[in-house]
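> Got a structure here, written out as structure tokens. Questions coming.
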Amino acid sequence: MSSIALARITSFVICVFAFAWGQTRAAVATAQTTNQQETTAVLTPLPYNNPGLVVDLGVGLWAWPIPWDVDQDGDFDLIVSCPDKPSNGVWYFENQQGVTKLPIFQPPKKWSSTVHYVMPSYVNGGIRVLSPGIEYDHFITKGTESKKTLPIDPKFHKPLGTQTKGPKVRHNQWRYVDFNGDGVLDLSVGIEDWSFYGWDDAWDTDGKWTNGPLHGWIYVFINRGRDDEPNYEAPFRLQANGSDIDVFGCPSQNFGDFDDDGDLDLICGEFLDGFTFFENVGNRQAPVYKAGVTLKTRDDQPLKMDLQMIVPVAFDWDRDGDLDLIVGDEDGRVALIENIGLLERTPVFEKPVYFQQYADTLKCGALATPVGTDWDDDGDEDILSGNTAGYIEFFENLSGPGVSMPTWARPVRLNADGKLFRIMAGPNGSIQGPAEAKWGYTTLSVADWDNDGLKDIVFNSILGRVCWMKNIGAKGSPRLSSPTPIDVEWESSQPNLAWGWLKPTGKELLTQWRTTPVVMDANQDGLNDLIMLDQEGFLAVFDRFEDEGTLKLRNPERRFLELSGAPMRLNAGNAGKSGRRKLSITDWDGDGRFDLLLNSANADLWVQMGEQSGSWVMKHIGPLNDRNIEGHDVSPTTVDFDGDGIRDFLGGAEDGRLYFLKNTRSQ
């Protein structure tokens with residue numbers, strides 16, 4: 001922080017308390033009253049209001065699909081277990097279009113709450129559904145409401161090798177299979193063990209991961225009893241080519257006769273996006289598995305999903321006698337991957353096609369980060385939103401101005417320089433390791449960054465590199481250039497993050513990951529400034545100035561203060577615990593001064609108590625509403641769909657839904 005900034009803060013703090021505690025008591029009371037009123041308002045997902053519109057089928061974060069003819073009308077429906085918050089539940093998507101490969105499903109109905117790792121077993125012509133240590137005996141009619149305990153400890157997987165503590169298990173996938181062909185159901189369990197991987201900040205200076213890999217093993221419990229009275233032997237770890245089968249986490253084991261030779265082969269997923277095939281070269285009674293091979297598409301490319309944390313379920317969806325894959329993605333979507341035959345005894349598949357549903361409420365992947373803006377300059381307010389996958393999606397308002405609950409178009413992913421825009425961590429871009437390769441976590445602001453009269457996009461991501469995309473189109477027809485780093489005129493040596501291997505290049509701003517860059521004219525000089533977390537987690541202002549016709553950013557200053565006079569530090573965590581703060585700046589209470597909305601159970605309101613010498617004192621009021629929609633976090637923005645001049649709240653939640661709350665000043 002510069003000496004000028006320190007002097008400003010010192011002089012300001014001396015006088016601010018009389019101001020904050022004396023002259024503004026009425027303002028505090030008003031803000032508190034406003035907050036209490038708003039807790040009685042309704043916070044609800046924003047509806048499409050567009051009958052007949054078709055969008056990607058989706059639940060919240062994490063889709064665990066269970067295909068089945070639920071209503072026994074001869075066609076296949078889709079059940080999806082979603083263990084996230086706030087969309088936790090067993091969701092039923094009805095197929096009313098009959099026997100067709102790609103039906104358009106009805107909007108979902110919730111059957112019950114759910115837990116992690118719910119998976120189907122297709123055995124003896126029927127379906128049985130398990131989670132760790134539990135079987136749901138009436139799942140097709142009651143979801144997870146009715147259950148019985150299995151005679152195996154869900155935590156049977158014990159420390160291995162040099163481990164001195166219990167294993168760090170995440171995915172724990174239980175499925176029945178008659179493994180040895182004796183007519184009795186055995187139990188298979190896929191275990192994802194993070195004990196060797198660790199999780200966080202294990203990079204060397206060259207960007208190489210120094211911890212161990214993420215493991216994905218498969219155990220088999222042979223049943224020496226009966227189906228109704230099982231007697232399970234001690235488990236063994238399944239092997240291929242003489243070594244333990246070990247995929248990159250989340251095995252999602254699927255046993256089936258994929259090469260049509262009468263025995264059970266194996267297809268596994270992983271924590272990332274690919275699939276591995278293990279051919280059984282033994283027989284039905286004594287399986288022996290070859291080394292795994294990567295599954296391919298018909299054009300000989302690796303079969304991959306769009307995102308990661310995939311959950312494949314083998315099922316003959318198109319009724320042609322072979323096993324297709326129904327695959328859940330991390331963002332709640334579900335895809336059909338059609339089996340189209342064999343090549344050298346290995347199944348070959350079409351590329352994933354994501355199922356569709358009739359639209360209900362707006363959804364932007366998972367961990368949506370919306371911004372309200374008139375992107376197409378037609379007079380009404382649209383929505384742009386980032387998400388975990390690293391896209392930015394455009395939701396067009398079709399209603400025109402002054403409509404409180406608009407009609408929305410299907411979202412469109414933005415391009416940059418004529419190509420689909422997507423940020424991904426890649427093998428070493430995430431502080432939390434290579435397991436996050438396909439995440440992008442885009443979060444953004446929309447503003448005229450270069451003062452040419454057109455709306456540009458400034459964004460941050462999983463990388464922490466703050467960039468902008470210039471609008472090279474025309475008013476009403478936006479077109480984006482490739483991303484360009486945001487540079488800062490640092491007063492001294494450029495600050496680095498205290499963790500990770502990524503370092504800034506040139507003057508670029510490399511700061512805390514997954515935190516919103518807010519663009520606004522904070523000092524009212526006609527130039528848009530940048531407000532966001534600095535490298536130590538303080539809320540900082542990067543003032544804009546003009547130097548010989550070129551717009552530049554000054555060294556950041558910590559000019560947002562709490563009532564104590566201390567600079568606002570929104571996150572003091574390190575490495576993977578850093579950043580993750582989503583914020584929006586608006587005059588929420590209508591007193592003529594901007595306030596802050598920060599991610600919380602929905603959004604915490606911080607009202608501005610006063611301003612002097614370029615610094616602002618903020619008072620924490622609390623959440624806008626009683627409803628908790630937070631999973632990882634909620635990303636706040638404001639919108640004015642009805643055009644009354646009062647900004648309302650819109651929050652992007654973990655489930656990808658956009659939750660709307662009317663500002664009580666406009667009710």
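The values are calculated or read from the model by the stated rules, or taken from the named source; none is laboratory data. Remember, it's a predicted structure, so these values are computed and weren't measured experimentally. Because the Cβ atoms are built from the backbone with ideal geometry, glycine has one as well, and the counts that use them run over all protein chains shown. In case anyone asks, the SASA skips ligands and DNA or RNA and just uses the protein heavy atoms, side chains included. Shrake-Rupley method; radii C 1.70, N 1.55, O 1.52, S 1.80 Å.
> Hey, what do the phi angles of segment 508-522 turn into as Karplus ³J(HN,Hα) couplings, whole Hz, using 6.51/-1.76/1.60 and θ = phi - 60°, x for Gly and Pro?
Per-residue couplings from phi come out as 4, 8, 10, 9, 6, 6, 6, 10, 6, x, 9, 9, 6, 7, 5 Hz.
> Could I ask something else about it? Per residue, how large is the accessible surface of the chain? Use a 1.4 angstrom probe and give square angstrom.
I get 38 Å² per residue for this part.
> Please list the non-local residues whose amide H lies under 5 Å from the amide H of Asn415, H modeled 1.01 Å from N, same-chain partners needing a gap of 5 or more.
Hits under the 5 Å cutoff: Phe421.
> Right, next: Using a/c under 1.5 as the rounded threshold, could you call segment 556-616 rounded, prolate or oblate? The axes a ≥ b ≥ c are square roots of the C-alpha gyration tensor eigenvalues, and prolate needs a/b larger than b/c, oblate otherwise.
Since a/c reaches 1.5 but b/c is at least a/b, the shape of segment 556-616 is classed as oblate.
> Whole-Hz ³J(HN,Hα) for each residue in segment 610-620, computed from phi via Karplus 6.51 cos²θ - 1.76 cosθ + 1.60 with θ = phi - 60°, x for glycine and proline: what do you get?
Once θ is set to phi - 60°, the couplings for segment 610-620 become x, 9, 7, 6, x, 10, 10, 9, 10, 10, 7 Hz.
> Which of the peptides 628-639, 546-557 is most tightly packed, and how do the rest follow, going by the mean number of other Cβ atoms within 10 Å of each residue?
Ranked by mean Cβ neighbours within 10 Å, highest first: 628-639, 546-557.
> What is the magnitude of the charge dipole of segment 260-335 about its Cα centre, with +1 placed on the Cβ of each Lys and Arg, -1 on the Cβ of each Asp and Glu, and no other charges, expressed in debye to the nearest 20?
It comes to approximately 220 debye.
> If you take every DSSP beta bridge whose two residues both sit in segment 525-667, what share of them, in percent to the nearest 5, is antiparallel?
Expressed as a percentage, antiparallel bridges in segment 525-667 total about 90.
> Any idea how far the Cα center of segment 285-339 sits from the one of segment 180-197, in Å?
18 Å
> Could you point to the label whose value was computed as volume of the Cα convex hull per residue in Å³ for the structure here, given (i) 184; (ii) 170; (iii) 253?
This structure yields the entry labelled (ii).
> Follow-up question, since we're still on this one. Report the relative contact order of segment 565-667, percent, no decimals, based on alpha-carbon pairs under 8 angstrom and at least 6 residues apart.
The normalised contact order for segment 565-667 reaches 20 percent.
> Enumerate the amide H contacts of Asp257 below 5 Å, restricted to partners 5 or more residues apart or on another chain; note that Pro and chain-start residues carry no placed amide H.
Asp265
> List the relative contact order of segment 486-606 as a percent without decimals, with contacts defined as Cα pairs under 8 Å and 6+ residues apart.
Relative contact order here is 20 percent.
> Which angle between 0 and 90 degrees, to the nearest 10, do you get for helix 25-38 versus the longest principal axis of the chain when only C-alpha atoms count?
30 degrees
> Here's another thing I want to ask about it. Taking all protein chains as present, what is the carbon and sulfur share of the accessible area of segment 113-263, in % to the nearest whole number, probe 1.4 Å?
Roughly 47 percent, rounded to a whole number.
> Tell me, what is the percent relative contact order of segment 246-345, built from C-alpha pairs under 8 Å that lie six or more residues apart?
Relative contact order here is 20 percent.
> Would you calculate, for the chain, the mean residue ellipticity at 222 nm contributed by helices, counting each DSSP H stretch of 4 or more residues as -39,500 (n - 2.57) and dividing by all residues, to the nearest 500?
That comes out to -1500 deg cm²/dmol.
> At a 1.4 Å probe radius, carbon and sulfur cover how many percent of the accessible area of segment 441-484?
In segment 441-484, the share of accessible area belonging to carbon and sulfur is 53 percent.
> Report in % the part of the accessible area of segment 319-361 that belongs to carbon and sulfur, leaving out ligands and nucleic acids; probe 1.4 Å.
Carbon-and-sulfur percentage of accessible area, whole number: 52.
> Another question, if that's okay. Using mean Cβ contacts within 10 Å as the protection proxy, how do 215-221, 452-458, 328-334, 94-100 order, highest first?
Result, highest mean first: 328-334, 215-221, 452-458, 94-100.
> Taking amide H positions as placed 1.01 Å from N in the peptide plane, with prolines and chain starts having none, which residues 5 or more places from Tyr232, or on another chain, fall under 5 Å of its amide H?
Residues meeting the criterion, in which the H sits 1.01 Å from N, are Arg224.
> Could you put Tyr197, Tyr358 in order of accessible surface area, largest first, with the 1.4 Å probe and the full protein assembly present?
Tyr358, Tyr197
> May I pose another question? How high is the FRET efficiency from Trp199 to Asn574, r the C-beta distance, R0 22 Å, rounded to 0.05?
0.95
> If you don't mind, another one. Using alpha carbon centroids, what distance separates segment 575-600 and segment 42-71, in Å?
29 Å
> Now a separate question. For segment 355-362, what does the Karplus curve 6.51 cos²θ - 1.76 cosθ + 1.60, with θ = phi - 60°, yield as ³J(HN,Hα) per residue in whole Hz, taken in order and with x for Gly and Pro?
4, 10, 9, 6, 5, 10, 10, 4
> With both partners inside the chain, how many of the DSSP beta bridges are antiparallel, as a percent to the nearest 5?
95 percent
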